[in-house]
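Peer 1: Pasting a structure below so you can have a look.
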Amino acid sequence: MNNRYPYKTFPDFLKRFFPDTKVQKISLNAGFTCPNRDGTKGQGGCTYCNNQTFNPSYCKTDKSVFTQLEEGKVFFARKYPQMKYLAYFQAYTNTYDELDSLKKKYEEALNTPNVVGLVIGTRPDCMPDSLLDYLEELNKRTFLLVEYGIESTNNATLERINRGHTYEQTVDAIERTVARGIHTGGHVILGLPGENQEMIIQQAMQIAQLPLSTIKLHQLQIIKGTKMAKEYAECPTDFHLFNVDNYMDLVIDYIQHLNPEIVVERFLSQSPKELIITPDWGLKNFEFTNRLVNKMAELGAYQGKLFRNQ
Ligand code: SF4
């Protein structure tokens, strides 16, 4: 933790590996698909996932990984010519393909000038040992962070949102990845249907026990065109949607229960405005963060204050 932030920040985490240069993530859509829709892992997709954005034509991108990175770099390089980049395989399930095809895309990213590492987002049930063998080797020659969609630690919730995997599978994937010496992150959604405040803090206590390097917190947003949007229309009382102040209090409580070693990378999801049904706070991540930092200072709150190693 540094003096300004009462929690471990992602820029400070990156500084450990890149002390002399600024590093920026560039998001990619590498043309992968989703096994929770094609029947391999499940069908129908996660209930909060937008069906409109998930269709083969949207998913297929004409632009190569190299081109996407070069285009992404233009924006940042104008301001910071010395900037280095992490290729962020973000869209869909970025480990869901044949090993050779995955390798080709990861290596293409790493062969792009000024790209100094990879962040790979995926599902916990899509990490075979054969891929970990390769990633373990890759991790020895570049910066690598594997990021799992945890979403909830509660199996009843995971079933209800049709994630198609259990929390036990999440723990297994994280432990197998960490055992290879790979930095491992996760993201969770706060406010999923059926989860009250007490359950969410219980979740924080479970997350606190995992060997994670990073965690991202997201507020639940109901998105147009999703199964959840229908459920919300039918029974809004089933959902505990937070206003900004309540969410901030929840996040502070959550962070205080976390292991102080876990980097807290972000607090908000920012879906396109035209897709949000509710809640639409109109806040950017940095605006929320500034308010959060001030409130934590007022309260004397800090990450790990309520952490108990179990
Ligand atoms: S959230 Fe991810 S895993 Fe779930 S249906 Fe959408 S793309 Fe697939």
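The values are calculated or read from the model by the stated rules, or taken from the named source; none is laboratory data. Quick caveat: nothing in here was measured; it's all calculated off a predicted structure. Positions of Cβ are backbone-derived with ideal geometry, glycine not excepted, and every protein chain shown enters the neighbour counts. Quick note on the areas: whole protein, heavy atoms, side chains included, nothing else; ligands and nucleic acids left out. Shrake-Rupley method; radii C 1.70, N 1.55, O 1.52, S 1.80 Å.
Peer 1: Tally Lys and Arg at +1 and Asp and Glu at -1 over the other residues with C-beta under 12 Å from the C-beta of Met205: what net charge comes out?
Peer 2: Within the 12 Å Cβ shell, the charges total -1.
Peer 1: Dividing the Cα radius of gyration by the Kirkwood radius, what Rg/Rh value follows for the stretch 158-310?
Peer 2: Taking Rg over the Kirkwood Rh, I get 0.96.
Peer 1: Further, regarding this structure: Please sort 290-303, 104-117 by packing, taking for each peptide the average over its residues of neighbouring beta carbons within 10 angstrom, highest first.
Peer 2: The packing order, highest mean first, is 104-117, 290-303.
Peer 1: To check you understand DSSP bridge types, tell me what percent of the beta bridges within the chain (both residues inside) are antiparallel, rounded to 5.
Peer 2: About 5 percent, rounded to the nearest 5.
Peer 1: Now for a separate question. What is the local net charge at Thr40, summed over the other residues whose Cβ is closer than 11 Å to its Cβ (Lys, Arg +1; Asp, Glu -1)?
Peer 2: The answer is +1.
Peer 1: Whenever you get a sec, compute what percent of the accessible area on the chain sits on carbon and sulfur atoms (1.4 Å probe).
Peer 2: 50 percent
Peer 1: Can you tell which of Asp253, Asp97, Asp62 shows the greatest fluctuation in a Gaussian network model of the chain with Cα springs below 10 Å?
Peer 2: Top of the fluctuation ranking is Asp62.
Peer 1: Separate question: If you take every residue apart from Gln82 with its C-beta less than 11 Å away from the C-beta of Gln82, what net charge results, scoring Lys and Arg +1 and Asp and Glu -1?
Peer 2: +2
Peer 1: Give me the one-decimal Kirkwood hydrodynamic radius in Å for the stretch 1-130, with the sum taken over alpha-carbon pairs.
Peer 2: The answer is 16.4 Å.
Peer 1: Continuing with the same structure: Filter Lys73/Lys103; Lys79/Lys105; Lys25/Lys216; Lys63/Lys105; Lys224/Lys273; Lys22/Lys73 down to the pairs with a C-alpha to C-alpha distance above 18 Å, please.
Peer 2: Pairs exceeding 18 Å: Lys73/Lys103; Lys79/Lys105.
Peer 1: If you don't mind, another one. Pick from Tyr80, Tyr167, Tyr254: which is most flexible by mean-square fluctuation in a GNM of the chain where alpha carbon atoms under 10 Å apart are linked?
Peer 2: Of the options given, Tyr80 has the highest mean-square fluctuation.
Peer 1: Let me ask something else. Using every Cα-Cα pair within the stretch 113-160, state what percent have a distance larger than 14 Å.
Peer 2: 61 percent
Peer 1: I want to check the label-to-label distance for Phe286 and Asn243. Put each point 7 Å from Cα in the C-beta direction and report it in nm to one decimal.
Peer 2: 2.7 nm
Peer 1: May I ask you to order 11-18, 265-272 by the average number of other C-beta atoms within 10 Å around their residues, highest value first?
Peer 2: Ranking, from highest mean packing down: 265-272, 11-18.
Peer 1: Something else: Once Rh for the chain is found with the Kirkwood sum over Cα pairs, what is the Stokes-Einstein diffusion coefficient at 10 °C and 1.306 mPa s, in µm²/s?
Peer 2: 79 µm²/s
Peer 1: Okay, moving on. Which one of Ser152, Ile200, Val115 is farthest out on the positive end of the charge dipole of the chain, using unit charges on Cβ (Lys, Arg +1; Asp, Glu -1) and the Cα centre as origin?
Peer 2: The listed residue farthest towards the positive side: Val115.
Peer 1: If you average the alpha carbon positions of the stretch 137-170 and of the stretch 116-133, how far apart do those two centres end up, in angstrom?
Peer 2: So the separation of the two Cα centres works out to 10 Å.
Peer 1: Where the centre of each part is set by its Cα atoms, how far does the stretch 205-225 sit from the stretch 228-272, in angstrom?
Peer 2: Their Cα centres are 9 Å away from one another.
Peer 1: Under 16 Å Cα to Cα from Lys8, which aspartates and glutamates show up? Leave out anything in the same chain fewer than 8 places away.
Peer 2: Those aspartates and glutamates meeting the cut-off are Asp253, Glu261, Glu265.
Peer 1: Provide the per residue accessible area, probe 1.4 Å, for the stretch 10-299, rounded to a whole number of square angstrom.
Peer 2: So the stretch 10-299 comes to 45 Å² accessible per residue, rounded to a whole number.
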